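Each remark here refers to the structure printed beneath this line.
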Amino acid sequence: QNSILRALAVPTYNCQMLVLLIAFAVSLVATLYLVRGTKARGHLSMDHETSGPQKFHVHPVPRVGGIGIFAGLVAAVALLWLTAPDTARLATILLACGLPAFASGLIEDLTKRVSPAKRLLATAVAAARPTTSSSLSAKAGSTMVSALLAIWLLDALIRNTEIPGLDWLVSWPAGAVFVTVLAVAGIANAVNIIDGFNGLASMCVVIMLAALAYVAFQIGDVVIGTLALAGIGAVLGFFLWNFPGGLIFLGDGGAYFLGFFVAELSILLLVRNPSVSPLFPLLVCIYPVFETLFSIYRRVRLRGQPAGMPDGIHLHSLIYRRMLRWAVGDRSAKMLTRRNSMTSPVLWLLCMASVIPAVLFWDRSGLIALFLGLFALSYIVLYWRIVRFR
């Protein structure tokens, strides 16, 4: 009887592979349906605006790819209910917590009427409590009822950071809640910021989830490892339609939900496994996080603009405009799409430059802190050399 209970508690190897494949297959088919169905519903789901500081596509493209990813994860959780109910229960709660972030972004994708500040507020709220409403209004006030669910039901609370000063703050319950909500909202917003080119954000999320899955399986946390595999499968199902052709975009709903998903799995990995360095998730996610922090510094301190003001000089934008100059001059749709897609692999390498040492030294905070500093220095040097055409 005990062996049966243990088998139900965690997914077996075959179940883990099935979870990945089911999430991939459902996401692939659902995303294809969204791509083919946009002709009838293009006025709602299409991104018709092809000009602007952060617009690099040629034709109107549907931006509701998050629906396919969410569908893939739901299918994976349904399979887990048949094979590993304990894991399925945690996964179900996690998806329910992510609904406010996903729904608020999706409303913006469909209506173009939700401001970035309100989406960020909804994402922060999604890290905490469930909403009792089925949808979000433009004011995002209804999302306030979602204040502490992941903390209440999943104990997804940051209690240790190994960062001087911040450790003192998280030693207090209110401080721990504040830091946790800020971290989840920050990572979700960071993933949305790097979602500028075909395959960029989605493959970076796959790389991050692969790091979480590897470390989770290394220390025997099959539950977190399996959920990370489910996320990888769901994102890859979308990725095949997004890269290189750009047939569909993540949209704000997909980007915010994936950021939320990565952040919560990272926190749960730390909560369930004290041997993992608290700095490990930060190094895994440092590329989008540092991109966000550097953009805020650049806008506020260097240009005197509001932190949320969109511009076209993110690192990925500069690589597109200045490093891939072989496509300059040819404005055909084919060449512009190719140039768009060729930008992403450069940033995948940058993402992997931090993820690889994180995976190698996941339990050694001193080395992780060293690599965090090296990444920040390398990013700044690379950015300024590109800005100065060097």
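The values are calculated or read from the model by the stated rules, or taken from the named source; none is laboratory data. Just so it is clear, the structure is predicted and the values come from calculations on it, not from any experiment. Cβ sites come from the backbone with ideal geometry, for glycine too, and all protein chains shown count toward neighbours. For accessibility, only protein heavy atoms count, side chains too; no ligands or nucleic acids. Shrake-Rupley method; radii C 1.70, N 1.55, O 1.52, S 1.80 Å.
Structure summary
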{"item": "Residue in region 191-211 that is in contact with an Asp or Glu (Cβ under 6 Å, 6 or more places away or on another chain), crowded, with 21+ Cβ neighbours inside 10 Å and charged (D, E, K, R) present", "result": "no"}
{"item": "Residue within region 155-171 that is touching a Gly at 6+ places or on another chain (Cβ under 9 Å) and β-branched (Val, Ile, Thr) present", "result": "no"}
{"item": "Lone unmet requirement of (1) at pLDDT 85 or above; (2) more than 19 Å from GLY245 (Cα to Cα); (3) open to solvent by 10 Å² or more (accessible area, probe 1.4 Å) for GLU291", "result": "(3)"}
{"item": "Answer from MET335, MET352, MET342, MET323 - the residue that is modelled with pLDDT of 75 or more, within 17 Å of ASN198 (Cα to Cα), open to solvent by 20 Å² or more (accessible area, probe 1.4 Å) and not polar (S, T, N, Q)", "result": "MET342"}
{"item": "Candidate set from region 149-160 (those that are surrounded by fewer than 21 Cβ atoms within 10 Å (Cβ to Cβ) and in contact with a helix residue (DSSP H, G or I) (Cβ under 7 Å, 6 or more places away or on another chain)); member that is modelled with the lowest pLDDT", "result": "LEU153"}
{"item": "Selection status of ILE107, modelled with pLDDT under 85, surrounded by fewer than 24 Cβ atoms within 10 Å (Cβ to Cβ), under 21 Å from the mean Cα position of the chain (by Cα) and among the aliphatic types (A, V, I, L, M)", "result": "yes"}
{"item": "Qualifying residue in region 173-183 (condition: assigned to a helix (DSSP H, G or I), in contact with a Cys (Cβ under 6 Å, 6 or more places away or on another chain) and open to solvent by 10 Å² or more (accessible area, probe 1.4 Å))", "result": "no"}
{"item": "Boolean, GLY66 is open to solvent by less than 60 Å² (accessible area, probe 1.4 Å) and at pLDDT 90 or above", "result": "yes"}
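Residue-wise test of (1) within 16 Å of MET17 (Cα to Cα); (2) open to solvent by less than 10 Å² (accessible area, probe 1.4 Å); (3) in contact with a strand residue (DSSP E or B) (Cβ under 7 Å, 6 or more places away or on another chain); (4) in a loop (DSSP other than H, G, I, E, B).
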| residue | (1), (2), (3), (4) |
| --- | --- |
| ALA228 | yes, yes, no, no |
| GLY233 | yes, yes, no, no |
| GLY245 | no, no, no, yes |
| ILE248 | no, yes, yes, yes |
| LEU258 | no, yes, no, no |
